[in-house]
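Asks: Structure incoming, see below.
The values are calculated or read from the model by the stated rules, or taken from the named source; none is laboratory data. Everything quoted here is computed from the prediction, not taken from an experiment. Neighbour counts are summed over all protein chains in view; Cβ atoms, including those assigned to glycine, are modelled from backbone coordinates with ideal geometry. Side chains included, ligands, DNA and RNA excluded: accessible areas come from the protein's heavy atoms. Shrake-Rupley method; radii C 1.70, N 1.55, O 1.52, S 1.80 Å.
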Amino acid sequence: MKEIIKDSCINEFDPNALEEMQAVNKIIRAIKPIKSSEIVNIKNALHRTISSSVRASINVPSFRNSAMDGYALNLSDLKTNKFKLSEAGVSFAGKPFKSSLGKGEAVRVMTGALIPKNADAVIMKEMVAKNGVYINFPKNIKKNQNIRFIGEDIKKGERVFKKGDELDFSGLSILSSLGIEHVEVFCRPKISYFSSGDELVTTGKKLQQGQIYDSNRYLLHGLLEDLPVVFSDLGIVKDKKLHLVRKLQRASEKSDIIITTGGVSVGDADYIKDALSEVGSVGFWKIAIKPGRPLAFGKINDSYFFGLPGNPVSAAVTFQLFVIPAINSLLSQKRKKVILMKAVSKNKLKKKLGRTEYKRAILSIINNKTYVETTGLQGSNIMMSMLKANCYIRLSADVSEVKEGDTVEVMPFSTKL
Ligand code: AMP
Ligand code: MG
């Protein structure tokens, strides 16, 4: 963290806020990846991160098998028998026909069934005509058609996963297809979070005048639940430096990352930065983005600290832009490539030069053309703008206005089906 203070000539009083990617790079450079790992059953390994390479100890498939329900035959034999063969037996998936094909013979095969050694093609059931004991085959059969080869999916010895790879449903399928039951993954980062603000009340209580429900802890819960982390909700802390100091101190005893929301700006009741400098070291930046300009990043004992802004939209955007890369780094994951695409803006948009803006918007395709439209009011307190959105419009620092019909850069929220 010392390095950050030294490097960073930019702090809250500096008019030159850090550019988004500079901030991300500083965070990534400050983070020491987690070393500890554990062995888990693959059923518990979804979204976990591989901690050491996994190699295939078998071929997949491990035997030649049929891609269709049909007949396995030998092409040269087919020609000599005028495309008329008799059925020598049946090969089921799991119950193979173990002999070789005799002269003038074909074997009925099911999908996934072992193919007799001297067969070199499979023809679909629907393509043949049965005529008494004979089966008539068409003439256009190609060598090796409908045969799945040994190792065509995974070759024995091949590295299927390397350190830092995240397991998804395909990963679980691959591991189990190799007969692997347990896998070594990095321990999950421990994340603690709390909200700060005198106005905040937990749901279930009645609001007094001037109070609001604390929604940021639920926002964070929703964001963290999707990630390979263990997290604990530390509640609400009043706008009192001493309370914040104590809470941060205690949180640092059991967390890899501490996240707070609120109290990080320059208002009279914003004590996060002061509290942080008392218990830890501060790398404090104003970041040249909107929403989410004030963001405190620092270190308290061995925990990394993120003081996110209080406005819910800002908290969400800064979590996605800065906390997720930190979690990825803790897990030795490669930086995920964000998908950026182009779309035609349906709105006229204005912004200040010198900062990157993330507008919440709806992406749609009409007559093969991609359009994007903002979701109404864009204030950082307007959470409905996020609820309705399926993407961000990303306006870079050098853009000052967008005309209706201009092409803009868009980041879809999710590319999952
Ligand atoms: P602050 O960053 O503390 O100045 O807060 C900025 C705005 O976000 C204010 O309108 C706060 O009331 C609001 N805010 C702060 N924390 C929360 C929270 N946990 N849930 C909902 N709104 C919040
Ligand atoms: Mg506040």
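Asks: Extent of the chain along each principal axis, from alpha carbon coordinates, in Å, largest to smallest?
Replies: Here the spans come out as 94, 51, 46 Å, largest first.
Asks: What does the charge count near D69 come to, summing +1 for each Lys or Arg and -1 for each Asp or Glu among other residues with Cβ under 15 Å from its Cβ?
Replies: With Lys, Arg at +1 and Asp, Glu at -1, the net is +3.
Asks: To continue, here is another question. Two-decimal Rg/Rh of region 308-417 from alpha-carbon positions, Kirkwood Rh?
Replies: Answer for region 308-417: 0.98.
Asks: If you take every DSSP beta bridge fully contained in region 62-216, what fraction is antiparallel? Give it as a percent rounded to 5.
Replies: 70 percent
Asks: Continuing with this model, one more query. Mind checking the log10 I(q)/I(0) for region 290-349 at q = 0.28 Å⁻¹? Debye, one equal scatterer per Cα, no solvent, two decimals.
Replies: -1.14
Asks: For M383, tell me the accessible area in Å² from a 1.4 Å probe, rounded to the nearest 10.
Replies: Roll a 1.4 Å probe over it and M383 shows about 70 Å².
Asks: Antiparallel DSSP bridges in the chain: what percent, to the nearest 5?
Replies: 70 percent
Asks: Turning to a different aspect of this structure: From zero outward in steps of 5 Å, how is the percent of C-alpha pairs of region 174-259 spread across the bins?
Replies: Answer for region 174-259: a P(r) of 3, 12, 18, 17, 16, 11, 7, 5, 4, 4, 2, 1, 0 percent.
Asks: Something else: Tell me, what % of the accessible area of the chain is carbon and sulfur with a 1.4 angstrom probe?
Replies: Carbon and sulfur atoms account for 51 percent of the accessible area of the chain.
Asks: Distance between the C-alpha centers of region 247-323 and region 220-234? Whole Å please.
Replies: Using only Cα atoms to place each centre, the spacing works out to 16 Å.
Asks: Considering only protein heavy atoms, with the full assembly of protein chains and a 1.4 angstrom probe, order V399, V183 by accessible area, largest first.
Replies: V399, V183
Asks: Turning to a different aspect of this structure: Checking a compactness column here: for region 20-83, what do you get for Rg(Cα) / (2.2 N^0.38 Å), N being the number of residues?
Replies: With N residues counted in region 20-83, Rg over 2.2 N^0.38 Å equals 2.41.
Asks: Also, I was wondering about something else. May I ask you to list the lysines whose Cα is less than 29 Å away from that of K82, ignoring any residue fewer than eight positions away on the same chain?
Replies: Here the lysines satisfying the reach criterion relative to K82 are K98, K103, K117, K125, K130, K139, K142, K143.
Asks: What aspartates and glutamates could a cross-link reach from K416, if we take a straight Cα to Cα line under 12 Å and drop same-chain neighbours fewer than 8 places away?
Replies: By straight Cα distance, K416 reaches D168.
Asks: Pick from F305, F169, F319: which residue has the top mean-square fluctuation in a GNM of the chain where Cα pairs under 10 Å get a spring?
Replies: F169
Asks: Within the P(r) computed for region 114-155, what percentage of the Cα pairs occupies the region above 10 Å?
Replies: Considering region 114-155, 77 percent of its Cα-Cα pairs are separated by more than 10 Å.
Asks: Quick one, what does Rg over Rh come out to for region 203-315 if you take C-alpha atoms and the Kirkwood Rh?
Replies: When Rh is taken as the Kirkwood radius, the ratio is 0.95.
Asks: Using only the Cα atoms of region 65-104, what semi-axes does the equivalent ellipsoid have when each is the square root of 5 times a gyration tensor eigenvalue? Give whole Å, largest first.
Replies: Sorted largest first and rounded, they come to 20, 11, 8 Å.
Asks: Tell me, what is the per residue accessible area of the chain in Å², probe radius 1.4 Å?
Replies: Heavy-atom accessible area per residue stands at 52 Å².
Asks: Relative to the longest principal axis of the C-alpha atoms of the chain, give the angle of the C-alpha long axis of helix 216-225, reported between 0 and 90° and rounded to the nearest 10°.
Replies: 20 degrees
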